[in-house]
Amino acid sequence: MKFGLRNIRRLVAAAGHPERAFPSIHVAGTNGKGSTSAFLASIFREAGCRVGLYTSPHLVRFTERIRINGVEMPEERLVAYARLLRPAIEECGATFFEATTCIAFCYFADEGVDIGVIETGLGGRLDATNVLTPLVSVVTNIAMEHTEYLGATIGAITREKGGIIKKGIPVVTGSRDARALSVLRRIAFRRGSHLHRAAMLVDIVRRKDDDRAVRVSTSGMKIPRCVPGLPGNYQLENASLAVATVEVLRRSPAMMRMFPGLNAAAVRRGLARVRRHTGLQGRMQEIARGTRFLMDVAHNPHAMEALVGEIRAMKRPPRAAVFGVMKDKDYGPMIDMLGSVVPEIIAVAPRMKRALPARELVRAGLQRGARIRLGGRVARGVAIALKTAGSGPILITGSHYVVGEALHAVFGESA
C-alpha cells in the first residue's frame, strides 16, 4: 500500500490518459460503496447505457473488480493490458491497486463505455482512483475505520474521503453524521461545489401492503412501487443515495442530453435488477444448499451493527456464525454484536497475511464472554457450523475474503 497520486498520474499519462476518455461517477465512503456503485451501474444500464463498473475487493475472481454491463473483464484482456503496461508499472513502482486501476481505465476507454462508476479503494484524497474528474462525486457515509491510514477522528477520516470532491463538481452524500457533514460542507465550499444530502432529495419508504416493496419519490420522479434487488433496511440508504445522485444529474439539461434514458422507469428497474446487472454478491445474500446460508461482507462495527439489526428482525435467525476479520479491524465490538444474535461463533481466518489468526479471534471472544470456538480455515469453519447449526441457517461474515473463500471452497465457485 502506497498513498499518493504521483505513481498513478505517471501511469495514466504513459497509457494516454484513459481516465479522460469516458464520463464517470466517483464513489467514496466507509460502508455501502459497493452497493451504491452497483445500484448506480444498474440504473444507468436500464437507461440504455454501456456501463463500466470498478469495485474492490473481489470475492472469488480478480476480474469481478472490472465489469462492463455486468460482464467481468475477460482474463485474456487483463493479461494483455498487464503486459502492455508492465514497463510503465515497473518504472514508476506502481502498487497492485494503482496498476489495477489503470488497467480498468484502459479497458473502459477502449471499450467505449458511456459511463464508468468508480469506487475508491481506501480513503479518497490519495486513492489511485482520484485522478478522475467525474460528473458527480458521491460520499456514502463516514465511520471509524482504517484509522492508522486515514486518521483517528471522524473529521480526519472525512477530510480523506471528501478529498474526491473536485472544483465545481457536485457532491452527493448519504452521511447523517453532523461532524462529517460539517467537514464535507467546508470542503465543498472551498472548491465551489454544491453539497447535496440524499435525505433531502429522496424519500424511500416501505409499502404497508408489501414489506419487500418501497415507494420512491423525488421532486422530479415518483415511483409508487419498487422491490430493491438487495435486501435489508440498510440497503435502502444505499439505494436512496444512488437515486439522489441520479436526481442531481437529471437537474442538469446537459446531463439529460447525455443520458436521455435516465428516467423513473430506469430507476425502478435498475434498483430491482441490481444483482442481475452487476453480479454483486455477499450483501445479505441467501444461498440454499440443503442448509440456508446468509452471506454478508460486514467488516467493521458500523456495518456489523446494520447486519445485526437485520438478523434481530428475522423469523428464523442464524444458528451459528462463521466469522473472520482482518488484523486492522476493531473486532471486539463486532464479536459483542454478533454474539448477541447467534448461539455460537466459529472463528476462522482466510488465507492472507492481513487476516487475524483464528486463535487470536477466539482468545478475544472468550475474554469478552462470547460463545466462540476455533474453526481454523474458512472451509473447515463452515463444516463445523453445519454440524453445530443442525438444520438452522448459518451466517458467514466479517470480511469480503471470508465470504469469498466460502463461495469458492464450499459452493464450488470457480476461482
Open item on the list: Please list 3J(HN,Hα) in residue order for the range 283-300, calculated via the Karplus relation 6.51 cos²θ - 1.76 cosθ + 1.60 where θ = phi - 60°; whole Hz, with x for glycine and proline.
Closed with: 10, 6, 8, 9, 10, 9, 10, x, 8, 8, 10, 10, 10, 8, 8, 3, 10, 7
Task: Label-point gap, in nm, between Arg289 and Met256 - each point 7 angstrom along Cα→Cβ - done: 4.9
Task: Proximal charge balance of Val131 [Cβ under 13 Å; K/R count +1, D/E count -1] - done: +3
Open item on the list: To the nearest 20 Debye, how big is the dipole of the range 28-79 about its Cα centre, given +1 on the beta carbon of each Lys and Arg and -1 on that of each Asp and Glu?
Closed with: 120
TODO: Calculate how steeply helix 75-92 sits against the longest principal axis of the alpha-carbon atoms of the chain, using the helix alpha-carbon long axis, and give the answer as 0 to 90 degrees to the nearest 10.
DONE: 70
Task: Projected area, mean over directions - the range 102-252, Cα convex hull, nm² - done: 10.2
Task: Between 0 and 90°, nearest 10: helix 96-111 axis offset from the chain longest Cα axis - done: 50
TODO: Give the share of C-alpha pairs in each 20 angstrom bin for the chain, from 0 to the last occupied bin, in whole percents, shortest bins first.
DONE: 27, 59, 14, 0
Task: Ordering of 28-35, 247-254, 80-87, 330-337 by packing [mean C-beta count within 10 Å, highest first] - done: 28-35, 330-337, 247-254, 80-87
TODO: Rank Ser24, Ala13, Phe96 by how far each Cα sits towards the positive end of the charge dipole of the range 6-278 (+1 on Lys, Arg Cβ; -1 on Asp, Glu Cβ) and give me just the farthest.
DONE: Ser24
Open item on the list: Please report the antiparallel percentage of DSSP beta bridges with both residues in the range 6-278, rounded to the nearest 5.
Closed with: 40
TODO: Using only the Cα atoms, work out Rg/Rh for the range 187-286, with Rh taken as the Kirkwood radius, to two decimals.
DONE: 1.00
TODO: Kindly put Val60, Val117, Val139 in sequence by how many other C-beta atoms sit within 10 Å of each C-beta, fewest to most.
DONE: Val60, Val117, Val139
- [ ] Between beta-carbons, use under 11 Å as the cut-off and find the net charge around Arg207, counting Lys and Arg +1, Asp and Glu -1.
- [x] +2
- [ ] Measure nothing but the geometry: give the 0 to 90° angle between the long axis through the Cα atoms of 301-312 and the longest principal axis through the Cα atoms of the chain, rounded to 10°.
- [x] 60
- [ ] On a C-alpha basis, how far is the centre of the range 195-258 from the centre of the range 61-115 in Å? Whole number, if you could?
- [x] 31
Open item on the list: What does the C-alpha gyration tensor say about the overall shape of the range 1-56? Classify as rounded when a/c is under 1.5, otherwise prolate if a/b is larger than b/c, or oblate.
Closed with: oblate
Open item on the list: Net charge within 10 Å of Gly381 by Cβ-Cβ distance, Lys/Arg positive one each and Asp/Glu negative one each, not counting Gly381 itself?
Closed with: +2
Task: Segment Lys222-Arg176, length gained on full extension (0.36 nm per residue, minus Cα span) - done: 14.2 nm
TODO: Pick out, in residue order, every one of the trypsin sites (Lys or Arg not before Pro) in the range 311-352 that is DSSP loop and has at most 11 other C-beta atoms within 10 Å; say none if there are none.
DONE: Lys315, Arg351
- [ ] Using a/c under 1.5 as the rounded threshold, could you call the range 285-409 rounded, prolate or oblate? The axes a ≥ b ≥ c are square roots of the C-alpha gyration tensor eigenvalues, and prolate needs a/b larger than b/c, oblate otherwise.
- [x] rounded
Open item on the list: With +1 assigned to the C-beta of every Lys and Arg and -1 to the C-beta of every Asp and Glu, and no other charges, what is the dipole magnitude of the range 285-409 about the Cα centre in debye, to the nearest 20?
Closed with: 460
Open item on the list: Under the rule a/c < 1.5 gives rounded, and otherwise a/b versus b/c splits prolate from oblate, where does the range 85-175 land using the Cα gyration tensor?
Closed with: oblate
- [ ] Name the most mobile residue of Ser42, Ser340, Ser56, meaning the one with the largest mean-square fluctuation, in a Gaussian network model of the chain with Cα contacts below 10 Å.
- [x] Ser340
Task: Within the chain: Cβ-based charge dipole about Cα centre, in debye rounded to nearest 20 (Lys, Arg +1; Asp, Glu -1) - done: 580
Open item on the list: Suppose a student asked you for the relative contact order of the chain, using Cα pairs under 8 Å spaced at least 6 residues apart; what percent would you report?
Closed with: 16
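Each reported figure results from applying straightforward, stated rules to the coordinates on display, with no laboratory input. Nothing here was measured: the structure is a model prediction, and the numbers come from that model. No Cβ is skipped: glycine too gets one built from the backbone with ideal geometry, and neighbour counts run over all protein chains shown.
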